[in-house]
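Here the structure is laid out as structure tokens; the discussion comes afterwards.
The values are calculated or read from the model by the stated rules, or taken from the named source; none is laboratory data. Quick caveat, the model's predicted, so the values are computed rather than measured. When we count neighbours, we look across all protein chains shown, and the Cβ atoms used for this are built from the backbone with ideal geometry, even at glycine.
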Amino acid sequence: MNRIANILKGHRVRLLSKAFGLYTPKRSSYIPTVNNSTVSINLFPSRIEIINYIIATKGFTKYLEIGVRNPKDCFDKIQCDLKKSVDPGVEYVKNPVNYKYTSDDFFHKLQHKQLDLPHNFTWDVIFIDGLHLANQVERDILNSINHLSPNGFIVVHDCNPFLYDLDYERVIEDFWGQQWNGTVWKVIYSLLCSRGDLDVFTIDLDEGLGIIRRGGGRKLLEHTNKYYEYKILQENLKKHLNCISIEAFLSLMNAK
């Protein structure tokens with residue numbers, strides 16, 4: 001029963017409703033003013049809508065996507081002046097991206113002035129949706145922080161696996177074409193426990209959208225899930241991922 005109850009919480013309702021054709025997006029009544037225009041967002045937005053909302057609300061102009069696969073899925077739908085994409089092309093053979101490398105190789109080449117970008121180039125929004133293993137996600141986040149504009153945002157997908165079956169580690173060949181969140185959540189939890197200089201939280205929708213930006217003075221979370229067990233995560237979900245609602249996120253965006 002606990003497992004069923006977990007599925008019916010937050011963004012899980014949206015997934016089930018869409019599956020049965022019951023989901024109808026509604027517009028939010030929260031519409032802030034941005035540069036003499038308005039920016040609206042669905043009450044149950046996807047990662048694409050969240051990213052576009054951040055860009056529009058903050059007036060950002062530079063966007064990087066790590067882990068693209070088919071650009072039609074997300075990258076092409078992002079509205080930003082300068083967009084760059086990184087993917088080695090393992091899952092999508094055509095791979096029409098800017099930089100056909102693994103994220104590790106991309107950041108290495110960027111640092112050593114081997115790309116068509118300044119070695120200290122920064123982006124306003126960096127979306128991470130590459131290999132969903134904690135050690136890789138951690139490297140992607142730390143490398144991204146080094147190339148993030150002072151007020152920029154890192155958005156990380158798949159931070160809140162709602163079933164154990166979607167959480168475990170796999171080799172890359174095992175998850176092609178399948179639903180898989182991997183162990184991304186472990187990095188969010190680790191950052192909350194170790195990096196007080198970062199503002200870290202998870203919007204409870206679209207399989208968990210982790211948001212990371214520079215901050216300061218945040219109290220570290222006590223590291224009680226020593227072995228990163230999924231059951232303990234589910235028992236302390238809101239605290240261990242610093243989960244917030246879409247309404248809380250919108251208020252936060254309007255306040256800062």
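Select from segment 112-136 the residues that are part of a helix (DSSP H, G or I) and out of contact with any Lys or Arg (no Cβ under 8 Å at 6 or more places or on another chain) and list them in ascending order.
Passing the criteria: Asn135, Gln136.
Looking only at segment 85-122, which residues are of a type in the set (Gly, Ala, Ser) and either touching a residue at least 60 places away in the same chain (Cβ under 8 Å) or within 21 Å of Thr61 (Cα to Cα) (or both)?
Within segment 85-122, Ser85 is the sole residue that qualifies.
Hey, which of the helices (runs of 4 or more DSSP H) in segment 1-111, taking only ones fully inside, have at least 2 residues that are surrounded by fewer than 18 Cβ atoms within 10 Å (Cβ to Cβ) and modelled with pLDDT under 95?
Numbers: elements: 2-7, 11-19, 47-58, 103-111.
Those helices (runs of 4 or more DSSP H) span 2-7, 11-19.
Those residues that are in contact with a Pro (Cβ under 7 Å, 6 or more places away or on another chain) and among the polar types (S, T, N, Q), I need them from segment 61-91; list them, please.
Ser85
Which residue is nearest to Leu205 (Cα to Cα), if the candidates are limited to segment 217-235 and must be out of contact with any His (no Cβ under 8 Å at 6 or more places or on another chain) and surrounded by 14 or more Cβ atoms within 10 Å (Cβ to Cβ)?
Step by step, filter segment 217-235, then rank; the result is Gln234.
State all residues of segment 135-166 that are of a type in the set (S, T, N, Q) and at pLDDT below 95; if no residue qualifies, say none.
Asn160
When residues of segment 50-76 are filtered for being under 17 Å from Leu209 (Cα atoms), out of contact with any strand residue (DSSP E or B) (no Cβ under 6 Å at 6 or more places or on another chain) and without any contact (Cβ under 8 Å) to a residue 40 or more places away in the chain, how many remain?
Total meeting the criteria: 2.
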